[in-house]
Amino acid sequence: MKKEIIINAAIGEIRIAILEDEKLAELFVEKPDSERMVGDIYLGKVVNVVKGMRAAFVNIGHKQDAFLHFSDIGESFSTVSAMVDLDEEDQSYQTLAPDELKVKQNILVQIIKEPISTKGPRLTTQISIPGRFLVLVPNSKIVGVSKKIDSLKERKRLRKIGKEICPEGFGLIIRTVAEGRDSMVLKSDIEALKKEWKKLENKIRNSKSPALVYKDMSMMSSVIRDLFTSDVERLVVDSRKLYRKIASYLNGVSQGMGGLVEFYDRREPIFDYYGIETDIEKSLSRKVLLKSGGSIIFDQTEALVAIDVNSGKYIGHKDHEQNSLKINLEASREIARQLRLRDLGGIIVIDFIDMRDERNKKRLHDELENELKKDRAQANITPISEFGLIEMTRERIRPGLIYSLSETCPICGGLGRITSKSTTLNEIERWIKRFRSHSNERRIKIITHPEIKSYLSEGLRSPIRRIMWKYFIKIELVADPNMEIDEVRYFSKKKNIDITDKFKS
């Protein structure tokens, strides 16, 4: 399978696309106002313990208290003084059972799931610090090796090295990218991780709860660290600054890896060139069309995702059972892809087209299960029920793609979604880039909703000024209260005509 990473750096966001066989498989969006939280470590304070829920709520300094389920504590946990090397008089700690959590207790916690809607982030007390090849686990004795390394011999070799180099008082998890690496490389990674742990210890000593004591990498950096594996053929980025940064990091990890990084300098927007923009638009659509003529409908709520498979215009064979099997198999592959792309999690119910033959049902179940193995998120799937439904759960770490690219509608109060202001800004920038790559004209008029005009023109370094400087173009912004809030129209100043559709993706 051909795997590529494509990065688009715009004024308001960085978008990272993972392509598999030239098809969009995953999309990550990083914005200045919504930093990645997973992996961050806090010195928190317990504010409530609800034994009926087997959970506690912890103040980590956010608007919403974070959620700590007893299952994310394990059989026991240690108080903060157990996790850091404090003065001797402060060493009077003990290992406690989850039920012994107390209100006002200071506790070291790590975010494992981003906040979603009205829910705060989910926490664990099982702290870990990820490196390029290893994950350092303080207060543990476990040395584990990634199950994604197929070779039993290689796993044994890495486990042996791990046990030899594991520092006292720590455990290690050896990552997939460590395959084929020697002990010197792994030792170097451990030393870097131990330095990070020392910094964390010092910060705890000088902090009062609630406090952030360790900040994991940005989304872009973590994607490079975690997803740039040996099967990635190349990484293409349209920012020269990021190109140098990524190439330097990869060369530091392994000599020659920086050569897999390419700088994209074409005039056409990078996501247009690779056909990614179209896939993103489809991923925000409720309906996805299949090549056979069938379709898949996605309905997403806060707690449940319902997916419906329809035969549509497909006629195929005279045999209804074979028609249904063909569409269902095609749909299962697309559903697995869309789950990754949309980053849908929680409880998922799929209503496939009814089939009677038990062998066909099993074949469909096995096909979906195999496709889900490509997914990094853990998924559990049930056999097809008597009602023709497949029920499954998928690990949810961060909000789905729709929440990254849209915001709550102020008119409908959340019953529908509209394009966010920052996404509108980036759509305007991409339109301008297409316009400038095909036209020599340097003066245009943009008409949009007053709220969007205000957002674009606010401040001396307003987004619209930055776009004008970047693309050497003069833009006149006009507000029209009769326009939809996410509607934008573009006019040529020279010819005084609407040119919006001419430069659409």
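What does the net charge come to around residue 383 if you take all other residues with beta carbon closer than 9 Å to its beta carbon, with K and R at +1 and D and E at -1?
Values: positive: 361, 362; negative: none.
Result for the neighbourhood of residue 383: +2.
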Practice problem: Express as a percent, rounded to the nearest 5, the fraction of DSSP beta bridges in the stretch 425-505 (both residues included) that run antiparallel. | Solution: 50 percent
Self-check item: Estimated inter-spin distance, residue 302 and residue 168, nm [label 7 Å along Cα→Cβ]
Solution: 5.0 nm
Self-check item: the chain, helix-only ellipticity at 222 nm - DSSP H runs n ≥ 4, -39,500 (n - 2.57), divided by all residues, nearest 500
Solution: -9500 deg cm²/dmol
Self-check item: Which labelled figure in (1) 24.6; (2) 28.7; (3) 60.5 is mean projected area of the Cα convex hull in nm², once derived from the coordinates
Solution: (2)
Quiz item: Which FRET efficiency, nearest 0.05, do residue 373 and residue 184 yield, Cβ-Cβ r, R0 25 Å?
Solution: 0.15
Quiz item: How much net charge surrounds residue 371 when only the other residues with a Cβ under 12 Å from the Cβ of residue 371 are counted, with Lys and Arg +1 and Asp and Glu -1?
Solution: -2
Quiz item: What nm distance separates the two modelled labels at residue 356 and residue 206, each placed 7 Å from Cα along Cα→Cβ?
Solution: 7.5 nm
Exercise. Report the calculated FRET efficiency for residue 150 and residue 23 (r = Cβ-Cβ distance, R0 = 22 Å), to the nearest 0.05.
Key: 0.35
Quiz item: Which shape class, rounded, prolate or oblate, goes with the stretch 230-310 when its Cα gyration tensor gives a ≥ b ≥ c as root eigenvalues, a/c under 1.5 marks rounded, and past that a/b bigger than b/c marks prolate?
Solution: prolate
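Express in nm, to one decimal, how much length is gained between residue 289 and residue 268 on full extension, taking 0.36 nm for each residue of separation and deducting their alpha carbon distance. Can you show the working numbers first?
Working: separation 21, 0.36 × 21 = 7.56 nm, distance 2.70 nm.
Extending this stretch completely gives an extra 4.9 nm.
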Quiz item: How far apart, in nm, are the 7 Å Cα→Cβ label points at residue 468 and residue 497?
Solution: 2.6 nm
Quiz item: So how strong a dipole does the chain carry about its Cα centre when Lys and Arg Cβ are +1 and Asp and Glu Cβ are -1, to the nearest 20 debye?
Solution: 1580 debye
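May I ask you to give the percent of accessible area on the stretch 416-505 that is carbon plus sulfur, with a probe radius of 1.4 Å?
On the way: 2380 of 5030 Å².
Ligands and nucleic acids excluded, carbon and sulfur give 47 percent.
Have a look at the DSSP beta bridges in the chain and tell me what percent are antiparallel, nearest 5. Walk me through the numbers before you get to the answer.
On the way: 72 of 95 bridges.
The answer is about 75 percent antiparallel.
Could you give the length gained by full extension between residue 196 and residue 248, i.e. 0.36 nm per residue of separation minus their alpha carbon distance, to one decimal place?
So the chain would gain 16.7 nm between residue 196 and residue 248.
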Quiz item: Quick one: length gained pulling residue 322 to residue 402 fully straight, 0.36 nm per residue minus the C-alpha distance?
Solution: 25.3 nm
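Using r as the Cβ-Cβ distance of residue 35 and residue 381, and R0 as 35 Å, what FRET efficiency do you calculate, to the nearest 0.05? Present the calculation step by step, with values, prior to reporting the outcome.
Numbers: r = 33 Å, r/R0 = 0.94.
With R0 = 35 Å, the Cβ-Cβ based efficiency is 0.60.
Leaving out ligands and nucleic acids, and using a 1.4 Å probe, what accessible area per residue does the chain come to in Å²?
Ligands and nucleic acids excluded, the figure is 52 Å² per residue.
The values are calculated or read from the model by the stated rules, or taken from the named source; none is laboratory data. Here the structure is a predicted model, which is why all the values come from computation and not from measurement. Please note: Cβ atoms are built from the backbone with ideal geometry, for glycine as well, and neighbour counts cover all protein chains shown. Surface accessibility is based on the protein's heavy atoms, side chains included, excluding ligands, DNA and RNA. Shrake-Rupley method; radii C 1.70, N 1.55, O 1.52, S 1.80 Å.
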